[in-house]
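The values are calculated or read from the model by the stated rules, or taken from the named source; none is laboratory data. Everything numeric in this text was worked out from a predicted model, so none of it was measured. Using ideal geometry, Cβ is built from the backbone for each residue, glycine included, and neighbour counts are taken over all protein chains shown.
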Amino acid sequence: MHKFVHGITLFLILVFVAGTVHAEPQGRWWRKGNIVKALNLTGGEVQRLEKAFNKSKLKMIKLKSRVESEQFKLQNLLEKSSLDETAVKTQNRKLETARSALADERAAFVLGVRKIIGHKRFQKLLKMR
């Protein structure tokens with residue numbers, strides 16, 4: 001039983017790490033001259049992208065911290081000698097809610113970028129990646 005709980009804990013940690021790798025916006029690509037030029041970004045658009053990134057990044061830092069906290073709580077429940085399935089299921093739902101909030105913020109940032117640069121340039125950006 002101990003090996004099983006340890007295995008589940010390791011699996012959950014791996015899933016968490018994999019999820020957070022993709023949860024963060026891909027940096028400040030609008031600061032790269034070749035991309036600015038290729039997309040014909042204006043100074044105002046660059047400023048709007050920077051502002052959106054900064055706002056989103058702060059939210060994502062808090063949300064990632066919440067995910068880590070919920071993950072830690074779940075891990076502790078799974079490592080206890082007596083298993084409380086109801087508590088584990090409840091904590092797992094809290095973890096998934098936190099992950100969902102993080103994914104929602106990432107999507108909100110991407111939508112914001114799409115609104116700022118428009119459909120054609122967004123498609124071009126996707127092809128550039």
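At a glance:
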item: Residue 125 vs. criteria assigned to a helix (DSSP H, G or I) and touching a Phe, Trp or Tyr at 6+ places or on another chain (Cβ under 8 Å); result: yes
item: Entirely in the stretch 1-111, the helices (runs of 4 or more DSSP H) that have 1 or more residues that are within 19 Å of the chain's Cα centre (by Cα), of a type outside the set (Asp, Glu) and modelled with pLDDT under 95; result: 2-21
item: Residue list for the stretch 80-89, filter: surrounded by fewer than 13 Cβ atoms within 10 Å (Cβ to Cβ) and either under 29 Å from residue 59 (Cβ atoms) or touching a Ser or Thr at 6+ places or on another chain (Cβ under 7 Å) (or both); result: 89
item: Options 49, 102; residue that is surrounded by 17 or more Cβ atoms within 10 Å (Cβ to Cβ), within 23 Å of residue 128 (Cβ to Cβ) and not small (Gly, Ala, Ser); result: 49
item: Selection count, the stretch 43-79, where residues are hydrophobic (A, V, I, L, M, F, W, C) and without any contact (Cβ under 8 Å) to a residue 24 or more places away in the chain; result: 5
item: Which numbered condition residue 127 misses (of (1) of a type in the set (D, E, K, R); (2) surrounded by fewer than 17 Cβ atoms within 10 Å (Cβ to Cβ); (3) modelled with pLDDT of 95 or more); result: (3)
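Conditions (1) of a type outside the set (A, V, I, L, M); (2) closer than 30 Å to residue 48 by Cα, marked per residue:
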residue: 89; (1), (2): yes, no
residue: 101; (1), (2): no, yes
residue: 112; (1), (2): yes, yes
residue: 121; (1), (2): yes, yes
